[in-house]
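Please treat every number below as a calculation from the coordinates, not as lab data. Note that the structure is predicted; figures quoted are calculated from it, not measured. Heads up, the Cβs are rebuilt from the backbone with ideal geometry, glycines too, and the neighbour counts pull from every protein chain shown.
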Protein chains: 2
Amino acid sequence: MKLVISGKGGVGKTTISGTIALILAEKGKQVLAVDSDPSMNLHSSLGLENPTPISELKELINERTVMEGGAFKLNPKVDDIPTDFSAKKDNLSLIVMGTVDKGGSGCICPESAFLKALLRHLVLKKDEFLILDTEAGIEHLGRNIAEKFDLMVVVCEPSKKAVDTANRVYKLSKEIGIKKVVGVANKITTDAQEEFIKGSLDFKLIGSIPFDDTVIEGDMQRRPLYTYPDSQALKNIKGITKTIQEID
Amino acid sequence: MKLVISGKGGVGKTTISGTIALILAEKGKQVLAVDSDPSMNLHSSLGLENPTPISELKELINERTVMEGGAFKLNPKVDDIPTDFSAKKDNLSLIVMGTVDKGGSGCICPESAFLKALLRHLVLKKDEFLILDTEAGIEHLGRNIAEKFDLMVVVCEPSKKAVDTANRVYKLSKEIGIKKVVGVANKITTDAQEEFIKGSLDFKLIGSIPFDDTVIEGDMQRRPLYTYPDSQALKNIKGITKTIQEID
């Protein structure tokens, strides 16, 4: 299954992506976690160090994606990337797209094109999961990085801005052939907040995660939420992961 | 003064940008608020409707920014844009860069190039303020939209991810000639959280804003924080705005 996590900045995409990846890996699934956010924070939710980002493979990227005249060739050879440039822990692997190295050095379009080709190329066996954590907002949908993914989970917190972005993401996701889109409400402290999100989204929720101080503590300690067995947020993400597997 | 607000997604950039804009406008300053985030949420913090985004001026953008062969010409004629495509309230104006119209329609590089040229072109008189609210994260620093701005305010909440992104933003900002960079701590509930941010950032804080339920309520009601006179967050942003004016 190819799964992408999307939503407004700060709603909890990275924490949820990393936690779902760890839950699935613990269940014995092969999991490839992919960080396409130039802020490169996913590793901390997984308890891994960042591997060499594919954006640092400049020669390789140029050789494989840039044709004469500066246009991008969108089908580079990518077979070897996951093995050579990933961090691993048992059956979980992490690759990161990379970052902006220098102010004024340009957009991340070449890296995005390369990542998109890599992800499209990957054929997953049954019981293998690709989990893509995107950068905040909607530009990745213009770039179509998650084209034809099986599932998009849009994370939403109780705020109008988060709801507006979630609905925009939903609309755009239908245009790049994502097969199914579901929502997850996060940082919920009251029933009214959950109802607000439910009533405002143009698509269905598959679960709700309470506001949980453990998430903040884990972040400050650089300790994955997954390592806090008593966390209610973790318990709910386990339920959501089960639902995702049933969708598969 | 040309001012840019930056930081991780969800730290409060848009609320703070909009509130500073309203405070300065109330003081009688001419203020141009600019939303370069494709999620286009700044208008709601200002209590305005979104004007026609400059990205919808496709013909104009193509005519003025794209040269033969697809390269971008970075000095379009822009004199007429602010008047024709802005929302106004007294001495406050808003322009928005625009959004991704359609999934898979590409990056926002042409729009970014156009906006960058527009902002570079604008010569401000004393007591005029340009306030740029950026998209989450760091790609705008690669694109150099805020090149040579007078001041960058990096907003940071008490989380390791927010601190990491803030320090990355700081490093990149030095490379695009931003004259001064300062930090603002947001969503603070304890002294320890403020100390954590102070001790983790590679640059100085000019103020701290408490976690304030009014911010959430205002967002849900689509009512600017500025219209809640008793809000402690608003009071602190007023103090921060005063400091910003002294920097100028």
Response to the item:
In a Gaussian network model of chain A with springs linking alpha carbons closer than 10 Å, the residue among A:VAL100, A:VAL11, A:VAL215 that fluctuates most is A:VAL100
Worksheet item: When only alpha-carbon atoms count, how far does chain B stretch along each of its three principal axes, as whole angstroms with the largest first?
Response: 57, 39, 36
Worksheet item: Angle between the Cα long axis of helix A:160-174 and the longest principal axis of chain A, 0 to 90 degrees, nearest 10?
Response: 50
Practice prompt. Give the cross-link partners of A:LYS179 among the aspartates and glutamates, using a straight C-alpha distance below 14 Å as the criterion and excluding same-chain residues fewer than 8 apart.
Written response: A:GLU147, A:ASP150, A:ASP248
Worksheet item: Is the shape of segment B:122-235 best called rounded, prolate or oblate, per the rule: a/c under 1.5 gives rounded, else a/b larger than b/c gives prolate, else oblate, with a ≥ b ≥ c the square roots of the Cα gyration tensor eigenvalues?
Response: oblate
Worksheet item: Which distance in Å, rounded to a whole number, links the C-alpha centroids of segment A:87-130 and segment B:174-209?
Response: 31
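What do you get for Rg/Rh over the protein assembly as shown if you use C-alpha atoms and the Kirkwood form of Rh?
Over the Cα atoms of the protein assembly as shown, Rg/Rh equals 0.94.
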Worksheet item: Rounded, prolate or oblate: which fits segment A:89-175, taking a ≥ b ≥ c as square roots of the Cα gyration tensor eigenvalues, rounded meaning a/c under 1.5, else prolate when a/b beats b/c?
Response: oblate
Item to complete: Kindly give the distances from B:LYS174 to its copy-mates, label point to label point, with each label point 7 Å from Cα along Cα→Cβ, as nm values to one decimal ordered shortest first.
Response: 4.8
Worksheet, complete the sentence: If labels are modelled 7 Å from Cα along the Cβ direction, B:GLU195 lies from its partners in the other copies at nm distances, smallest first, of 4.2
Item to complete: For A:VAL123, go 7 angstrom from Cα along the Cα-to-Cβ vector, then report the distances to that same point in the other copies in nm, smallest first.
Response: 6.3
Worksheet entry | Subset of B:LYS89/B:LYS116; A:LYS171/B:LYS29; A:LYS27/B:LYS102; A:LYS160/B:LYS116; B:LYS29/B:LYS161 violating a 31 Å alpha-carbon distance limit | A:LYS171/B:LYS29; A:LYS27/B:LYS102; B:LYS29/B:LYS161
Worksheet item: Loop-only check: which trypsin sites (Lys or Arg not before Pro) in segment B:186-248 are DSSP coil with at most 13 other Cβ within 10 angstrom?
Response: B:LYS204, B:ARG222
Response to the item:
Residues meeting the amide H criterion for B:MET152 (H placed from the backbone, H to H distance under 5 Å, 5 or more places apart or on another chain) are B:VAL4, B:LYS180, B:VAL181, B:VAL182
Worksheet item: Arranged by the count of other C-beta atoms within 10 angstrom, fewest first, what order do A:TYR170, B:TYR226, A:TYR228 take?
Response: A:TYR228, A:TYR170, B:TYR226
Practice prompt. Measure out, as a whole number of angstrom, how far apart the alpha-carbon centroids of segment B:1-60 and segment A:7-23 sit.
Written response: 27
Fill in: Dipole in debye (nearest 20) - the protein assembly as shown, about Cα centre, beta carbon charges: Lys, Arg +1; Asp, Glu -1
280
Item to complete: Provide Rg over Rh for segment A:16-61; use the alpha carbon set for both Rg and the Kirkwood Rh (inverse mean inverse pair distance).
Response: 1.04
Response to the item:
Highest GNM mean-square fluctuation among A:ASP219, A:ASP150, A:ASP230, for chain A with Cα springs under 10 Å, belongs to A:ASP230
Worksheet item: With a 10 Å Cβ neighbour count serving as the proxy for reagent exposure, in which order, fewest first, do B:ARG143, A:ARG223 appear?
Response: A:ARG223, B:ARG143
Worksheet item: List the trypsin sites (Lys or Arg not before Pro) in segment B:97-134 that DSSP assigns to loop (not H, G, I, E or B) and whose Cβ has at most 14 other Cβ atoms within 10 Å. Which are they?
Response: B:LYS102, B:LYS125, B:LYS126
Worksheet item: Can you list residues whose amide H is under 5 Å from B:ILE188's amide H, if they're 5+ apart or on another chain and H is modeled 1.01 Å from N?
Response: B:ILE209, B:PHE211
Fill in: For segment B:232-245, Karplus couplings with θ = phi - 60° (6.51, -1.76, 1.60), whole Hz, Gly/Pro x
5, 4, 4, 4, 5, 5, 4, x, 5, 5, 4, 4, 4, 5
Worksheet item: What residue among A:ASP133, A:ASP37, A:ASP101 has the largest mean-square fluctuation in a Gaussian network model of chain A, using Cα springs under 10 Å?
Response: A:ASP101
Worksheet item: Out of residues 5 or more away from B:GLN30 or on other chains, whose amide H comes under 5 Å of its own, with H placed 1.01 Å from N in the peptide plane?
Response: B:PHE129
